[in-house]
Amino acid sequence: MAAMTREETEALIQEVLEVYPEKAKKDRAKHLAVNDSSLEKANKCITSNRKSLPGVMTVRGCAYAGSKGVVWGPIKDMIHISHGPVGCGQYSRAGRRNYYVGTTGVNAFGTMNFTSDFKENDIVFGGDKKLSKIMLEIEQLFPLNKGISIQSECPIGLIGDDIEAVAKKAAKETGKPVVPVRCEGFRGVSQSLGHHIANDAIRDWVLENRDGDDSFQTTPYDVAVIGDYNIGGDAWASRTLLEEMGLRVVAQWSGDGTIAEIEKTPKVKLNLIHCYRSMNYIARHMEEKYSIPWIEYNFFGPTKIAESLRKIAALFDEKIQAGAERVIARYTAEYEAVIAKYKPRLEGKRVMLYIGGLRPRHVIGAYEDLGMEVVGTGYEFGHNDDYDRTIKEMGNATLLYDDVTGYEFEEFVKRVQPDLIGSGIKEKYIFQKMGVPFRQMHSWDYSGPYHGYDGFAIFARDMDMTINNPCWKNIKAPWKNQVANDEALKAVA
Amino acid sequence: MPSVMLRKREDGKLIFYVAKKDLEETIESIEFDSPDKWGGEVVLGDGSKYAFEILDAPPKIPLTLQAKRL
Ligand code: SF4
């Protein structure tokens, strides 16, 4: 299908909005837009970070998901208690595929679920006693833990438990950090506020732990990787590149990260932000308090990787700048071979995305490196500043949809007819049944890493095996396939 | 009185950021910006106006300050 003009895209949005009642229509209209890459500011065309409409299908998560699932969960040597009823933690357990090294249950706890398993009794009489008891038990059973975080679920805020007091007492008893996080699910409009609350908890309870302690040997090349959750090994694929160019990665926030790394971060020279949405808060805080500058980078696809490596190197001396060039040169043959192999199979294919924190804009470059085109993108829980950064990356007259509803997304797909959709597990089976090739872009569909040069090769292979999979030809029942039938009859006759 | 985080962008422009409001804008003009006087009314990229208290010297940026919406 040829690219849609601005008028056609606008008409499509109007048509999709038609089914809503007046009030809902007015609200949803603000979240759907045709991209105009000449704009400087996204708030001229799209509204974001607002409460979802009751009655529509949204795929957003809650603040607890943002804090426990995204920011804190991957810190592997801490135990994160899902404080409240058992479900919130159990149904989200280990779903994000944040890889880590360590022995689970001994010195790493990433894929385990710890919960205070609230019952009626705890709601009525309060759960503070239970919480103190759990922490003692944790110390006995898992003595190698390096700290505890208390991730509040909805009821904790409702019954008004004083988890801060319990945390302080436990920290004194164990001598390890115990961090209460007020990330009850009802706070804010999406998981996004959970990220913010989690950042604030790190700021208030962890970051200052080593202020005034200079025993850590620093170098002029110390950096921290912020906002890389090591999905399928992403952070490892990124880290190797940074180290190869001569930098020293002191901390990984928070994929495969440890509490000690986080405590050491105020000593670094530069913070590198991959997922801006979930961790810009802490970077801004460190800039103000410790004068550590931060920059955003993008490690998806060779074009963006080279751009980012040079941008990072520019902030250091010639040694690092030469290092960046050396890294780029070293991998050139490798990624050129990947492009030579897959581009002919993928060229001209059109993609629609609907994902979370950074990917709706960050992966565009990787698709373009393969000759593909992203014709629609949107964030589940993005803010204005995310869309500001997106309008420049997207082509003119492409679709932007914020917190898209199930209905809108389906209608858009029916009309735009993309060759590939990249979104989450909740969308996956709907679109596969509609016969559209689909990649799950939150957890890389059980694949990965996708970051770095190594990741790009895997990314290209995955996109190829999804789009060019022979199964898509067999989605339609054979007797409904008129053309095939006619040909078969002809063959018989 | 929102808390405003001020920082310098790579191109040297001042950025006015209010986390609560999701507002990230450039500062286009500032009433006083001399070695002995800083602050007053600022105009942002989107045309909105805020006012800082007037200080005796330009502050060290990045910094969080209170601003009043005008
Ligand atoms: S909204 Fe509340 S109850 Fe639901 S998962 Fe989040 S914390 Fe748990």
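The values are calculated or read from the model by the stated rules, or taken from the named source; none is laboratory data. From a predicted model like this one, the values you see are computed outputs, not experimental measurements. Here the Cβ is made from the backbone with ideal geometry for all residues, glycine too, and neighbour counts use every protein chain on show. To get the accessible areas, we keep the full protein, side chains included, count just its heavy atoms, and leave off ligands, DNA and RNA. Shrake-Rupley method; radii C 1.70, N 1.55, O 1.52, S 1.80 Å.
Per-structure values
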item: Filter pass, A:GLY89 being crowded, with 21+ Cβ neighbours inside 10 Å and either free of Cβ contacts under 8 Å to residues at least 24 places away in the same chain or not charged (D, E, K, R) (or both); result: yes
item: Lone unmet requirement of (1) within 13 Å of chain B (Cβ to nearest Cβ); (2) open to solvent by 40 Å² or more (accessible area, probe 1.4 Å) for A:ASN280; result: (2)
item: Strands (runs of 3 or more DSSP E) within chain B that include 1 or more residues in contact (Cβ under 8 Å) with a residue 24 or more places away in the chain and within 14 Å of another protein chain (Cβ to nearest Cβ); result: B:3-8, B:14-18, B:37-44, B:63-69
item: Within region A:27-66, tally of residues that are within 16 Å of the ligand (Cβ to nearest atom) and either under 14 Å from A:GLU408 (Cβ atoms) or among the aromatic types (Phe, Trp, Tyr) (or both); result: 4
item: Residue, nearest to the chain's Cα centre (by Cα), within region A:132-159, restricted to residues that are within 16 Å of the ligand (Cβ to nearest atom) and open to solvent by less than 10 Å² (accessible area, probe 1.4 Å); result: A:GLN151
item: Test: residue in region A:137-149 that is outside any helix (DSSP H, G or I), without any contact (Cβ under 8 Å) to a residue 60 or more places away in the chain and on the phi > 0 side of the Ramachandran plot; result: no
item: Checking A:VAL101 against (1) part of a loop (DSSP other than H, G, I, E, B); (2) of a type outside the set (S, T, N, Q); (3) within 16 Å of the ligand (Cβ to nearest atom), the condition it does not meet; result: (3)
item: Options A:ASN107, A:ASN121, A:ASN113: the member that is over 17 Å from the mean Cα position of the chain (by Cα), free of Cβ contacts under 8 Å to residues at least 12 places away in the same chain and either within 16 Å of the ligand (Cβ to nearest atom) or surrounded by fewer than 17 Cβ atoms within 10 Å (Cβ to Cβ) (or both); result: A:ASN121
item: Considering residues of region A:87-98 that are outside any helix (DSSP H, G or I) and near the ligand (Cβ under 10 Å from one of its atoms) only, the residue nearest to the other protein chains (Cβ to nearest Cβ); result: A:SER92
item: Residue within region A:397-404 that is more than 24 Å from A:TYR276 (Cα to Cα) and out of contact with any His (no Cβ under 7 Å at 6 or more places or on another chain) present; result: yes
item: Candidate set: region A:190-217, residues that are of a type in the set (D, E, K, R) and within 14 Å of chain B (Cβ to nearest Cβ); chosen: the one surrounded by the fewest Cβ atoms within 10 Å (Cβ to Cβ); result: A:ARG203
item: Test result for B:ILE27, open to solvent by less than 20 Å² (accessible area, probe 1.4 Å), within 9 Å of the chain's Cα centre (by Cα) and under 17 Å from A:ALA283 (Cα atoms); result: no
item: Wholly enclosed helices (runs of 4 or more DSSP H) of region A:379-436 bearing at least 2 residues closer than 25 Å to A:GLY194 by Cα; result: A:384-391, A:425-433
item: Candidate set: region A:43-69, residues that are assigned to a helix (DSSP H, G or I) and touching a strand residue (DSSP E or B) at 6+ places or on another chain (Cβ under 8 Å); chosen: the one nearest to the other protein chains (Cβ to nearest Cβ); result: A:SER67
item: Of all residues in region A:164-189 being within 16 Å of the ligand (Cβ to nearest atom) and closer than 25 Å to A:GLY257 by Cα, the one that is surrounded by the fewest Cβ atoms within 10 Å (Cβ to Cβ); result: A:ARG182
item: Residues of region A:283-304 that turn out to be open to solvent by 10 Å² or more (accessible area, probe 1.4 Å) and over 19 Å from A:SER238 (Cα atoms), as a count; result: 7
item: Qualifying residue in region A:456-474 (condition: open to solvent by 50 Å² or more (accessible area, probe 1.4 Å) and in a loop (DSSP other than H, G, I, E, B)); result: yes
item: Any chance A:PRO344 is closer than 20 Å to A:VAL250 by Cβ, open to solvent by 20 Å² or more (accessible area, probe 1.4 Å) and free of Cβ contacts under 8 Å to residues at least 60 places away in the same chain; result: no
